[in-house]
Amino acid sequence: MQKRWVVKPKNDVKRINKLRDELGVSSIIAELLLNRDISTFEQAKLFFRPSLEHLHDPFLMKDMEQAISRIERAIGNKEKILIYGDYDVDGTTAVSVMYSFFRDFHTGMEYYIPDRYKEGYGISTQGIDYAAENGFTLIIALDCGIKAIEKVEYAKSKGIDFIIGDHHLPGDRLPDAVAVLDPKRQDCPYPYKELSGCGISFKIIQAFIQKNGMDIQLAYQYLDLVAVSIASDIVPITGENRILCHFGLKKLNTNPNCGLQALINLSSNKTGQFSVGDIVFQIGPRINAAGRIEHAKDAVKLLISKSLQEAADYSTTVDDQNNLRKDFDLRITEEALELIDNNEILKTRKSTVLFKKDWHKGVIGIVASRLTEKYYRPTIILTQTNGHIAGSARSVLGFDLYEALSACSDLLDQYGGHKYAAGLTMPLENVPAFQEKFELVVSNSIKPEMLQQEVLLETSIKLQDIDAKFHRLLRQFEPFGPENEAPIFLTEGLVGTGYIVGSNHIKVSVKQDDSPVFDCIGFGLAEHIDHINAGKKIDICYTIEENHWRGKKNLQLNIKAIRY
């Protein structure tokens, strides 16, 4: 699919020159900083030199005082505390951080992760019943609970208090809990609104340490788990998240949590430092696989392990689950692609809605993402589970998926999510009608440009601009992620030669006029190789990365798209 190239609006030349001169950097670096709303020396200093001293006071968060007081009372009275969390990476890391911290000085501590298939997302009646039957009087819910109004009332009827630590958008009403910690509360003055669920867990520990005069290093030992949550939950890597992720990656690469070290040992092909991308593609999927295939408590057992030997045993279990997840993922993706390829009507639609009753519920979200990437249109994958139809939906840039599902709500039992990802359930008999109605809604509302993938380019540069100093400064923009993406550059008028590697990838060497020759990798770009080898000029958009191979390092351009 031909991608649409969009260059960010050019900054005012006077602003670029002013920042360039203040910082003593190139105009390109100054422009990259302005693109990230960094326009002063002081802002640039904070950006390039993150410091844990710049983390916000946790007591700025609404209800933090009440939360810490209730936890202290529970510990003082030897009450049983249940740490409750979601079954994804963010939820399991949040639970692992809090459980690991408090277990050293409070024996009445346990954790609870709901079963994805039997209980579903969020606070469950089964979880509250478990707490009541086993004498727990306080539940601390992490990465979930902000809309659990009825469940918190149910818990109160059984003599159980709740502390909610969530980062999702609240509804019109808040649960009647002892404390509701969520920076997205309208009445919460906390300066940074985009913490992960594990980030909220970290702030609770930070507050407890601060109030009780403890060593703050006791909190910092969990920064690697916080970084894993930030990367895996795809929250913005800005402000406080950027500080947490920066230092979390340092810990991950020097002295990681035993469970994370065991997962790193399984990634034996990795050389160099682990990055946000490595977490997203290597660590995160393994942790997530536990909840997708069996039960997410396996992931928590791994992450709270006290020794590498103990962690190694659990990591093998989690890795086996991930391999099974990959098998399901591959099979279902192939079946889904085949359904589309063999149906002319499905090929030409503006949406994809596919159903097969035996598809594994734990991977339909991944399959929806893969199909969205290939066909670039709103996609829903449906399967049958526990007598009803469950679906996972993914969208394309600019199209509001939640709004489209709302227009089809008469055919659905439940739906929830946000603009770009959602879940839904419906009766089996409604599937054909839903497929038609969703297509109609999408066709009537989606703009043609939304159906063409966009590549957002930072700026146009020449190959001569790329040298060791430029790359060294570019590395200081890391960690990359949402709202601080790795810069994609445009360079025009290149000539090169190359060859195909694997089934659909290319290795290319390019130069521009009298520039040095640069090695490039292009994933999924094999269709361009004949044009490149014909000696004709090309334009490329790319990121700049460091390639490690057989103990050697060199700069490499990772090509995202090619045009003639």
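Values quoted throughout were computed directly from the atomic coordinates according to the rules given, and no laboratory measurement underlies them. These numbers come from a predicted model, not from an experiment. Neighbour counts are summed over all protein chains in view; Cβ atoms, including those assigned to glycine, are modelled from backbone coordinates with ideal geometry.
Any idea what angle helix 13-23 forms with the longest principal axis of the chain, computed on alpha-carbon atoms, 0 to 90 degrees, nearest 10?
Tilt of helix 13-23: around 70 degrees.
Express as a percent, rounded to the nearest 5, the fraction of DSSP beta bridges in the chain (both residues included) that run antiparallel.
60
Please give the helix 64-76 orientation as an angle from the longest Cα principal axis of the chain, in degrees from 0 to 90, rounded to the nearest 10.
The helix 64-76 is inclined about 50 degrees to the chain.
Ranking request for peptides 196-203, 20-27, 321-328: highest mean number of other beta-carbon atoms within 10 Å first, then the rest in descending order.
Most protected by this proxy first, the peptides run 196-203, 321-328, 20-27.
Calculate, in whole percent, how much of the Cα-Cα pair population of segment 18-103 lies beyond 15 Å.
Considering segment 18-103, 74 percent of its Cα-Cα pairs are separated by more than 15 Å.
Nearest 20 debye, what's the magnitude of the dipole of segment 343-451 about its Cα centre given +1 on Lys and Arg Cβ and -1 on Asp and Glu Cβ?
Rounded to the nearest 20 debye, it is 380 debye.
For the peptides 468-479, 232-243, what is the packing order when you average, over each peptide's residues, the other Cβ atoms within 10 Å and list the highest mean first?
Ranking the peptides 468-479, 232-243 by packing returns 232-243, 468-479.
As I understand it, the dipole of the chain uses +1 on the Cβ of Lys and Arg and -1 on the Cβ of Asp and Glu, about the Cα centre. Which of 102, 199, 154 lies farthest toward its positive end?
199
Which angle between 0 and 90 degrees, to the nearest 10, do you get for helix 239-254 versus the longest principal axis of the chain when only C-alpha atoms count?
Long axis of 239-254 versus the principal axis of the chain: about 90 degrees.
Under unit Cβ charges (Lys, Arg +1; Asp, Glu -1), what dipole magnitude, rounded to 20 debye, does the chain have relative to its Cα centre?
So the dipole magnitude of the chain works out to roughly 1060 debye.
Cβ neighbours within 10 Å, averaged per peptide: list 89-96, 5-12 in order, most packed at the top.
So the order, starting with the most tightly packed, is 89-96, 5-12.
Once the mean 1/r over all distinct Cα pairs of segment 75-200 is inverted, what Kirkwood radius in angstroms do you read off?
Here the Kirkwood hydrodynamic radius works out to 14.5 Å.
Where does the charge balance sit around residue 257 when Lys and Arg score +1, Asp and Glu -1, over other residues with C-beta under 9 Å from its C-beta?
Summing Lys and Arg as +1 and Asp and Glu as -1 gives 0.
Given the Cα atoms of segment 343-451, and with Rh set as the inverse mean 1/r over their pairs in the Kirkwood sense, what is Rg to Rh to two decimals? Provide the component values of the computation, followed by the final result.
Values: Rg = 12.5 Å, Rh = 13.6 Å.
Taking Rg over the Kirkwood Rh, I get 0.92.
Would the chain count as rounded, prolate or oblate if I go by the C-alpha gyration tensor, calling it rounded below 1.5 in a/c and otherwise prolate when a/b exceeds b/c, oblate otherwise?
Values: a/c = 1.78, a/b = 1.28, b/c = 1.40.
In terms of gyration-tensor shape, oblate.
In percent, how large is the relative contact order of the chain, given Cα pairs closer than 8 Å and 6 or more residues apart?
Answer for the chain is 11 percent.
In whole Å, what are the Cα extents of segment 58-318 along the three principal axes, biggest one first?
Taking max minus min along each principal axis of the Cα atoms, segment 58-318 gives 53, 37, 34 Å.
Taking the alpha-carbon set of segment 1-152, what are its Rg and Dmax in Å?
Values for segment 1-152 (Cα only, Rg and Dmax): 23.8, 68 Å.
Going toward the positive end of the dipole of segment 58-318, with +1 on Lys and Arg Cβ and -1 on Asp and Glu Cβ, which of 261, 138, 93 do you reach last?
Working it through, the farthest residue towards the positive pole turns out to be 261.
With +1 on each Lys and Arg Cβ and -1 on each Asp and Glu Cβ, and nothing else charged, work out how big the dipole of segment 143-290 is about its Cα centre, in Debye to the nearest 20.
The calculation lands at about 220 debye.
Provide the percentage of antiparallel DSSP beta bridges, counting only those with both residues in segment 343-451; round to the nearest 5.
80
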